[in-house]
1. Please give every one of the lysines within straight-line cross-link reach of K31, meaning a C-alpha to C-alpha distance under 26 Å, and leave out same-chain neighbours fewer than 8 residues apart.
2. Given the peptides 109-119, 40-50, arrange them by the average over their residues of other C-beta atoms within 10 Å, most packed first.
3. What are the ³J(HN,Hα) values, in whole Hz, obtained from phi via the Karplus relation 6.51 cos²θ - 1.76 cosθ + 1.60 with θ = phi - 60°, for each residue of region 68-84 in sequence order, with x given for Gly and Pro?
4. Under the rule a/c < 1.5 gives rounded, and otherwise a/b versus b/c splits prolate from oblate, where does region 1-107 land using the Cα gyration tensor?
5. Checking the cross-link filter: which lysines have an alpha carbon closer than 20 Å to that of K74, excluding same-chain neighbours under 8 positions apart?
6. Based on the mean of other Cβ atoms within 10 Å per residue, sort peptides 88-96, 66-74 so the most packed one is first.
7. Once you order the gyration tensor axes a ≥ b ≥ c over the Cα atoms, which shape class does region 41-95 get: rounded for a/c under 1.5, otherwise prolate or oblate by comparing a/b with b/c?
Amino acid sequence: MAITVLEDFENVEDAYFTANSVSVECDPSSKYLSSDTSNGTVYLGEHQLVFHSKSPTFGFALDYKAIIIHAVSKEDPQPHLYCQLNEQFPDNASLEDDIVELRIYMDENQLDEMFAKLCECVASHPDSASEAELDDVQIIDSFDSSQFITSPEQLDQLTPQGQR
């Protein structure tokens, strides 16, 4: 399971990054992230992002492979790390939509550093594509950029239909 609910907190040894006083939200909402449990500390460990709330004792561990998109938002309504996950929290496992939006709100001074570390962690845990998925992938050995329009100055090379 890519999202594991933690009832007892285990110290994250050798964390690549730690952020205290963070707030976490998810959509769809989960009973595991209520207003009582959504404030705490985030750790980026070797294999997982770990969140531990201050009160009551609660947390979750998220495998990096479950993160399909991650970005920094410096707006809406405050700076945060935005993640899309391809897994649900256990209480939402029966939902049809597998996508969860996770927002981690923190001090803006730590946001860019956490994003950079998260990029490294996610990149070091690639999604293992099945052989059937790889059969549909076409590898381009050579690329001729002259076959593509890459700037507005080249738009006159399009057919009238393509210029619409």
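Just so it is clear, none of the values below were taken in a lab; they were calculated from the coordinates. A quick note: this is a predicted structure, and the numbers were derived from the prediction, not measured. Note: ideal-geometry Cβ built from the backbone for every residue, glycine included; neighbour counts use all protein chains shown.
1. Those lysines meeting the cut-off are K54, K65.
2. 40-50, 109-119
3. Result, ordered by residue: 9, 9, 9, 7, 9, 10, 9, 10, 6, x, 9, x, 7, 8, 10, 9, 10 Hz.
4. rounded
5. K117
6. With the highest mean Cβ count within 10 Å placed first, the list reads 66-74, 88-96.
7. rounded
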